[in-house]
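These notes are about the structure you will find just below.
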Amino acid sequence: MPLLSVDELTITFAGRGQRDARAVDGVSFDVDQGQVVGLVGESGCGKSVTSLALMGLLPGRGVRLGGRAEFDGTDLLTLPAARMRDLRGTQLAMIFQDPLSSLNPVVPIGVQVTEILARHRGMRGEAARKEAAHLLDRVGIPDPTRRLKEYPHQLSGGMRQRALIAMAVACAPRLLIADEPTTALDVTIQAQILELLKELVDQEGTALLMITHDLGVVAGLCEQVNVLYAGKVVESAGRRALFDAPTHPYAHGLLGSIPRLDAPRGEALRPIRGSINDRIDWADGCAFAPRCDRYTMECLTGTPALTEPHTPGHQARCVNPVLPEGATSPQRTEATG
Amino acid sequence: MSLLELDDVKVHFPVKKGLVFDRTVGHVYAVDGVSLSVRAGQTYGLVGESGCGKTTLGRAILRLVDITEGAVVFDGTDLAKLPDEEMRRHRQRLQMVFQDPLGSLNPRQNIESILAEGMAAHGIGADAGERRARITQILARVGLPANALSRYPHEFSGGQRQRIGIARALVLEPDLVICDEPVSALDVSIQAQVLNLLEELQESMGLTYLVIAHDLAVVRHISDVIGVMYLGSLVEEAPSDLLYAEPRHPYTRALMSAVPVPDPAVEDARERILLTGDLPSPAAPPPGCRFHTRCPWKQETRCATERPALRELADGHRVACHWAEEIADGTITLTAREKAPAQLSG
């Protein structure tokens, strides 16, 4: 049984006098013990709200949740707030994108770390301080005893992210959710943090749900990848399978539009036209159809189902998928605009 | 022929203290002696991490910040010594595209007014009608609809706003366009659209670009020559392909090994050179080679005491490292930390 099983999760924002906005529209995925799973997509695809919903961090008012998210048999979406608070920190933990705004600026790092140890592990005083120093040391912060007395602004960006990771792993959670953990960092620091996350997963057996827009990060880290577009999973596959044969035209287009460091120079990029604003409701057809080169009339006949067009386990939500060479290619239809 | 020549450009910001008297207590050495030349019709890419001085250098060329020392020779004229009014007139030929398209467009001006302002300031176009014709033409070139004229920046998506920023620069018919992180605020699929547009415009209008970015893959894609900056100075400069094939400076090598490539096979096989620690403060740069505090190839002699000059190794390949040859032929091996191979399988 998977550690986390998200089934048909929907998140709808409803404001008074406003049309409902469905940010997540039936997302399903599993995360196994010790597995690294990626949720990939561009801004507005619903990847961050998914993580907030799993952590129970969405406001109660104005948000409607649907579906189930079972963590070790408990549905996280319907869990009472008090029970959720116990789970958060001990079983589930999250690392946010911007370490500066996730840390309290007027409280020393040490107090912020020991707070967690006191709340969840009942540690106090010297014992808690020692454990906090050990945690900082574990995530590679040099001179941890001195750092404990410092404030977030005295730490560099990479150091802050390390401190945040230390807080997240303080109670050895079984599932770690990382929402764009390296986006705010420079590449050399990003490499350090990714290495640290890999190490934690390898050594502690923590499951990691990695939320990112960076396909490069995904390629190096995630075993299973879910590509999101406009609130739905459009492709789900193992990382090798996904990068070898991107099947949904969106995933295919995304890979074609990234300049690669190792590509021969002069190779033109193949961008996806339009923007995320050019989309239709999933109920009416494929949300990606207006930007798609492989669009046919069939795309406008209701939500396409998640199928396995060429390889078992490699799912794509498309009626006219990009098939790898060798597989029989269906008739290609040019887009009309 | 080079259109732009920088000779030992320095930009130092004073750090001041005191309530009544502004005592200068130190300097931030944002740009500390950069020499480079950009050839007409080419793209020069400047890469480096945050705090390396690349943005300050770009702004210094346009004299948006004061140049402390050095010469910025643009088409034969030293911009660093021009009186302000003459510099203002020169800016028609040097334009800039900024990183944040929303922050750099006035939210209360419509697109026509944004684009016409620069034209009026530089006396391009006899009257409003002529200017409008020119603006419409440029908008079409950057791929915006003609009805954009009367609309406001908030009505456009991020990618379209960046196109407006590009149109604003191009409407003045500049020779050199400085693009400061032109795509970093955009989603990947939109990034590719803007990069292709920049390339197309360069070809059809004969533009020269100085592209400043932190994303090595983007810079490599678009540039003919790349300069790598670290803590205020250039550490390596080479034609784009050569830099990728044979990075010679330890920092460049570390930077390249850190860039994630969207290909699991490459990711699994690569050897990462992990740098330890963080960028030192530009207010107190380390003595000797600025990179020696983090360099995995650091040697006992010279590195900590003697600042390496940028020297030519091969044709067009300049490196600021005392030991570039020894590192390349393997006489010197990694000292600080072992290479960490990527471990994940599957």
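I'd like the antiparallel share, as a percent to the nearest 5, of DSSP beta bridges with both residues in chain B. So the antiparallel bridges in chain B amount to around 65 percent. The ranking of A:H134, B:H27 by Cβ neighbour count inside 10 Å, starting from the fewest, reads A:H134, B:H27. Across region B:192-346, the volume of the C-alpha convex hull divided among the residues equals 140 Å³ per residue. The shape of region A:3-78 can be summarised by an equivalent ellipsoid whose semi-axes, obtained from the alpha carbon gyration tensor, come to 23, 14, 9 Å from longest to shortest. Our Cα-only numbers for region A:193-337 put the radius of gyration and Dmax at 16.4, 52 Å. The count of lysine pairs in the protein assembly as shown with alpha-carbon distances below 15 Å, taking only pairs 8 or more places apart or on different chains, stands at 5. Taking the fewest neighbouring Cβ atoms within 10 Å as the starting point, the ordered list for A:S48, B:S233 is A:S48, B:S233.
Comparing A:L117, A:H134, A:P152 along the charge dipole axis of region A:110-154, the residue lying farthest to the positive side is A:L117, per the Cβ-charge model.
Which shape class, rounded, prolate or oblate, goes with region B:108-156 when its Cα gyration tensor gives a ≥ b ≥ c as root eigenvalues, a/c under 1.5 marks rounded, and past that a/b bigger than b/c marks prolate?
Verdict is oblate for region B:108-156.
Averaged over peptide B:214-223, how many Cβ atoms belonging to another chain are found within 10 Å of each residue's Cβ?
Working: counts 2, 3, 3, 8, 3, 2, 6, 10, 3, 1.
Whole-number average of other-chain Cβ neighbours for B:214-223 is 4.
Summing +1 for each Lys or Arg and -1 for each Asp or Glu among the other residues whose beta-carbon sits under 9 angstrom from that of B:F98 gives -3. Size check on chain A: the Cα extents along the three principal axes, sorted descending, read 70, 50, 39 Å. Taking K and R as +1 and D and E as -1, what net charge do the other residues with C-beta under 14 Å from the C-beta of B:L115 add up to? So the environment of B:L115 carries a net charge of +4. For chain A, with a Gaussian network of springs between Cα atoms less than 10 Å apart, report the residue from A:T90, A:T212, A:T78 with the top mean-square fluctuation. Among A:T90, A:T212, A:T78, the largest GNM mean-square fluctuation belongs to A:T78.
Put a plus charge on the Cβ of each Lys and Arg, a minus charge on the Cβ of each Asp and Glu, and nothing anywhere else: the dipole of the protein assembly as shown about its Cα centre is then about 1960 debye. In a simple Cβ point-charge model (Lys, Arg +1; Asp, Glu -1; nothing else charged), chain A has a dipole of about 980 debye relative to its Cα centre. Counting, for every residue in B:107-113, the Cβ atoms of other protein chains within 10 Å of its Cβ and taking the mean gives 0.
Output the peptides A:26-38, B:303-315, B:44-56 sorted from most to least packed, where packing is the average of other Cβ atoms within 10 Å over each peptide's residues. Before the final figure, lay out the partial values.
Working: A:26-38: 20.2, B:303-315: 14.3, B:44-56: 24.1.
Final packing ranking: B:44-56, A:26-38, B:303-315.
Within the shell defined by Cβ-Cβ distances under 12 Å, the residues around B:V142 carry a net charge of +3, with Lys and Arg each +1 and Asp and Glu each -1. Of all the options A:G110, A:G266, A:G44, the one that moves most in a Gaussian network model of chain A with Cα springs shorter than 10 angstrom is A:G266.
Between region B:180-237 and region B:277-334, what is the separation of their alpha carbon centroids in Å? Using only Cα atoms, the two centres lie 25 Å from each other. Per residue, the Cα convex hull of the protein assembly as shown amounts to 195 Å³. Our summary of shape: the Cα atoms of region B:1-138 have principal axis extents of 54, 44, 32 Å, ordered from largest down, in whole angstrom.
Restricting the count to DSSP beta bridges whose residues both fall in the protein assembly as shown, what percent are antiparallel, rounded to a multiple of 5?
Values: 60 of 97 bridges.
Percent antiparallel among DSSP bridges in the protein assembly as shown is about 60.
In a DSSP loop and with at most 13 other Cβ atoms within 10 Å, the trypsin sites (Lys or Arg not before Pro) in region B:108-212 are B:R108.
Sorted fewest first by neighbouring Cβ atoms within 10 angstrom, B:S157, A:S101 come out as A:S101, B:S157.
Derived value for chain B: Kirkwood hydrodynamic radius 21.8 Å. Basis is the mean of 1/r over every pair of different alpha-carbon atoms.
Counting, for every residue in B:265-272, the Cβ atoms of other protein chains within 10 Å of its Cβ and taking the mean gives 4.
Let me know the charge dipole size of region B:214-299 about its Cα centre in debye, to the nearest 20, where only the beta-carbon of Lys, Arg (+1) and Asp, Glu (-1) is charged.
Its charge dipole is roughly 420 debye.
In the elastic network of chain B, a GNM with C-alpha springs shorter than 10 Å, the most mobile of B:H322, B:H122, B:H214 is B:H122. When the Cα positions of B:A254, B:S240, B:V211 are compared along the charge dipole of region B:209-254, B:A254 comes out farthest toward the positive end, with charges on each C-beta of Lys, Arg, Asp and Glu. Global size of region A:1-143: 17.7, 54 Å for Rg and Dmax (C-alpha atoms, Rg to one decimal, Dmax whole). DSSP bridge analysis restricted to region A:174-313 gives an antiparallel fraction near 55%, rounded to the nearest 5. Using all pairs of distinct alpha-carbon atoms, the Kirkwood hydrodynamic radius of region A:170-220 works out to 11.5 angstrom.
Just so you know, all these numbers are worked out from the coordinates, no wet-lab data involved. These numbers were taken from a predicted model, which means no experiment stands behind them. Note that each Cβ is placed from the backbone with ideal geometry, even for glycine, and that neighbours are counted across all protein chains shown.
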